[in-house]
Each structure stands twice: as structure tokens, then as C-alpha cells.
Amino acid sequence: MMLGSWIARRHRAPAIAFGLLLLAGCNESSEKQGQAPQMPPPAVGVVTAAKKPVTEGYTFVGRVQAVNNVNLVARVEGFLQQRNYTEGQEVKAGDLLFVLEKDTYQAAVDQAQANLASAQATADNAKVQTDRARELIKNQNVSQATLDDRIATEKSAVAAVQQTQAALEEAQINLGYTSIQAPFDGRVGISNFSVGGLVGPSTGTLATIVSQDPIYVLFPVSDRFILDVQQATGTGRVEPQNVAVKLTLANGSQYPEVGKIDFTDVKVDQNTDTLMVRAVFANPQRTLTDGQYARVTAERKDPVQAVVIPQRAILTDQSGNFVLVVGEGNKVAAKHVTTGSNQGADIVVQQGLNDGDVVIVDGVQKVRPGQEVNPAPTSEPSVPAGGGTAPAGGGSGQAAPAKPAGN
């Protein structure tokens, strides 16, 4: 029995050893099968940053304002006798708009004229008496005291003439106030009083007249934007004559006239940290109306050379905007950039990129700095630069002509 057991164990030992070798081979084969094949570098679409002629522009929210805007008020009291215009009508400077009842003021003028005539007669007689006294005193026919009295009387009469003359002028001025004329060319609004109503300085506005052509557009520009413009230009200012101002109306249409900046406020509004800028536009078709909303775009008149890349290449982190570029060995690197205005689907890069840098446009979300990539020119061409705008005060860098001033 013992011999049989020993023989059995001798036969099982090679079988166990063979089984262990077979199991090890299976494990090794499984490990080789579990290893993933090495992935090739991810493909990305790239463009080469290049300088192009661009016209940088920035957009602001503006309001149309009439150059002249006056509330017509009666300067004397009286009954409204005539209204000589149609509400909403355009009038010329000097056109008669309202007439107040004149009778009382004409009577005051007539009385003042009579008083002046009486005072003048008194003054003329006093002069005659003074001249006679001067002749008589030569022969001692009147006393010196008499001459002195007559000289004083003449001076008093002359003063009375001047006083009545002033009263006549005042009466004539008041009579003139009964005719209310247009102070400038413009359009007259609705009348607040009907003919026959009693009006005067305390009754308020008769009507409002606003000028039509030319016309202003005012828009606020942020203090930060002004500083960015000054730093970007290098000269500390932007000349108004180098800025073209364009308008987009509320319905999205483009206003055909190009405006120019003619005024920049002298101080920043502390409540909003903005500086008010004013542009003047021709308004021959009366398209612009006082108080109207408009989107203002301030652009450089002359194109400048600037690095332009597609907008979709721009990424943002806590430190600002950046792009991913392909460097030596097709390795990805990040570059922080300062952006300018939009140029269609492209954007101006003011700082951070050089002409010739290879920028990743497609596939930016699947790569990271330091990673090797397989770059290829993007299949989608960028929109040609020119005439683009960017909202002023945005997160991207700003260097555009909105200041002589200048959201």
C-alpha cells in the first residue's frame, strides 16, 4: 500500500507542474491582451496668426439729442389770440408761432409815448429858460441864484425825459412779447393751450421746438475703456478726426450718414464711472428724432495692421483670455492674450501672439499644454477681417478710438 501511494504521487507531480506552467502561460497571455495599444497624438485644426488690415470699432448704447431744444413760454400775461402753425410742422427761424392779445400792451406803449412827449416839452422849455438866464446875468439883470435854479430845473427835465424814454422802451418790449416767434429752424410739437386761453410766465410751456438737422448722438464710455484706449494708442489720446461714428437704428438698419465726435465731457460721472461723448450727424431725411435709441459704433477711419485669429480659438480662465499654440515637437503651449475688436468671425489680438504663431482652432477642448498633437490646417477658412466691432467694456482688451474722448 505504501509503495502504491508513492508511485501515485510520483505520477501526479509532473501533472501539477505542467498545470502550473500552463496557468502561467495563460496569465501572461491575458496580461498582454489587457494592455491598450498606444494612441496616436490627437488631431487638431490650426491656423497661422497673421497681420491683416483691420478697422477696429467698438459699440456703445446712445441716445439721439436735438442740437437745440426750447420750451416756448409766454413772457407776458394775456389771452392767446392766434396759433399760426400746425402741430408737428417744421418752421424757420423767425416764423410767427403764437400771438397774444395786444390791446393792453399797445395802450401802454401809447401812454408811454405821450409821457415822453410831455417830458420832452418840459425839458425843451427848461433849456430855453436856462439860456435866457445866462444872457441876462451878463448885464446883472438876474441873480446868480436864479441862473442856478434854472440850470437845476433843466437837468431835472432831461432826467425825466430819460425816465419816460425807458418806460416807453419797456412798454414796447412787452408789446413785442405778445408775438412769439421760432428762435431757430426746427419742428414744433403739440400746443398745450388752445386759442382763448389765458397764458403767462407762470402757466408753463406753450409748445416745444426742436432742431432737426444736424443732430447729436450722446453715448457714455466707461472710464476703464478710456484708459485702455490711451494706453493702446501710446500717445495718451485719440484724435476725434481719426474716428468715424456710425449708427445702427432700433430696427437693425444702418444709418447712412457717418458722424464725427465733436465733444467729450470734462469729467467722469461718479455714479456710473463713465464719460459722456457726443457725436454730430447730418439728418437731411429727418430719420433721427430727439430721444431716439441708437447703437453707436466708433471706428478708426484708416485701417491698421493687426494680428487676427478666429474667435473660437479664444479660451478663458481665471487669469483672462488665452490661446493654445503648437510649438516645437508639435507640443501644445498656452499663451495669454489681450483681445481687441471682433472682425466678423475673427478677433484682433493686441498682445500675446506673434505674427506666424500656429494657433489651435479646432479640438482645443481635447488637448492640454505639454501634450503632443497632430496639427493640420483648419478646413474652415476664417472670415476676412475688416469693419468689425466689439461691445465696449467687455472682458477682452480694448483699444479703439472712442475717446477724444469717447461705454
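The values are calculated or read from the model by the stated rules, or taken from the named source; none is laboratory data. Every value quoted in this text rests on a predicted model; they were computed, and no experiment measured them. Cβ atoms come from the backbone with ideal geometry, glycine included; neighbour counts cover every protein chain shown.
For the stretch 309-323, the criterion of a residue being in contact with a helix residue (DSSP H, G or I) (Cβ under 9 Å, 6 or more places away or on another chain), assigned to a strand (DSSP E or B) and farther than 27 Å from residue 223 by Cα is satisfied by at least one position. Looking only at residues of the stretch 152-175 that are surrounded by 15 or more Cβ atoms within 10 Å (Cβ to Cβ) and closer than 30 Å to residue 87 by Cα, we find that the one that is farthest from the chain's Cα centre (by Cα) is 172. Pairing residues of the stretch 51-66 that are part of a loop (DSSP other than H, G, I, E, B) with residues that are buried (at least 16 other Cβ atoms within 10 Å of the Cβ), at Cβ distances under 6 Å and at least 6 apart in sequence or on separate chains, gives 55/299; 55/300; 55/387; 56/300; 56/340; 56/341; 56/400.
In the stretch 342-363, of all residues being of a type in the set (Val, Ile, Thr) and surrounded by 18 or more Cβ atoms within 10 Å (Cβ to Cβ), the one that is farthest from residue 55 (Cα to Cα) corresponds to 360.
Looking at the stretch 99-145, which of its residues are among the β-branched types (Val, Ile, Thr), more than 30 Å from residue 193 (Cβ to Cβ) and surrounded by 14 or more Cβ atoms within 10 Å (Cβ to Cβ)? Before you say what the answer is, go through the steps one by one.
Quick first cut of the stretch 99-145, residues among the β-branched types (Val, Ile, Thr) only: 99, 104, 109, 122, 128, 130, 137, 142.
Okay, now just the ones that are also more than 30 Å from residue 193 (Cβ to Cβ), so 122, 128, 130, 137, 142.
Selection gives 122, 130, 137, 142.
Scoring residue 330 on the criteria (1) modelled with pLDDT under 85; (2) farther than 24 Å from residue 56 by Cβ leaves a single failure, condition (1).
If only one of 49, 43 is modelled with pLDDT of 85 or more, loosely packed, with under 15 Cβ neighbours inside 10 Å and either closer than 30 Å to residue 363 by Cβ or within 35 Å of the chain's Cα centre (by Cα) (or both), which one is it? Steps first, please.
Numbers: 49 fails: loosely packed, with under 15 Cβ neighbours inside 10 Å.
Of the residues listed, the single one that is modelled with pLDDT of 85 or more, loosely packed, with under 15 Cβ neighbours inside 10 Å and either closer than 30 Å to residue 363 by Cβ or within 35 Å of the chain's Cα centre (by Cα) (or both) is 43.
Whether any residue in the stretch 128-142 is modelled with pLDDT of 85 or more, under 30 Å from residue 110 (Cβ atoms) and either touching a Leu at 6+ places or on another chain (Cβ under 7 Å) or not hydroxyl-bearing (Ser, Thr, Tyr) (or both) is what I want to check. Scanning the stretch 128-142 turns up at least one residue that is modelled with pLDDT of 85 or more, under 30 Å from residue 110 (Cβ atoms) and either touching a Leu at 6+ places or on another chain (Cβ under 7 Å) or not hydroxyl-bearing (Ser, Thr, Tyr) (or both).
If a residue must be in a loop (DSSP other than H, G, I, E, B) and of a type in the set (Val, Ile, Thr), how many such residues does the stretch 244-285 contain? If you could, list the steps in order and put the result at the bottom.
Taking the stretch 244-285 first, the residues in a loop (DSSP other than H, G, I, E, B) are 250-253, 255-258, 265-268, 270-273, 282-285.
Of the ones still in play, those that are also of a type in the set (Val, Ile, Thr) are 258, 266, 268, 272.
Adding up the residues that qualify gives 4.
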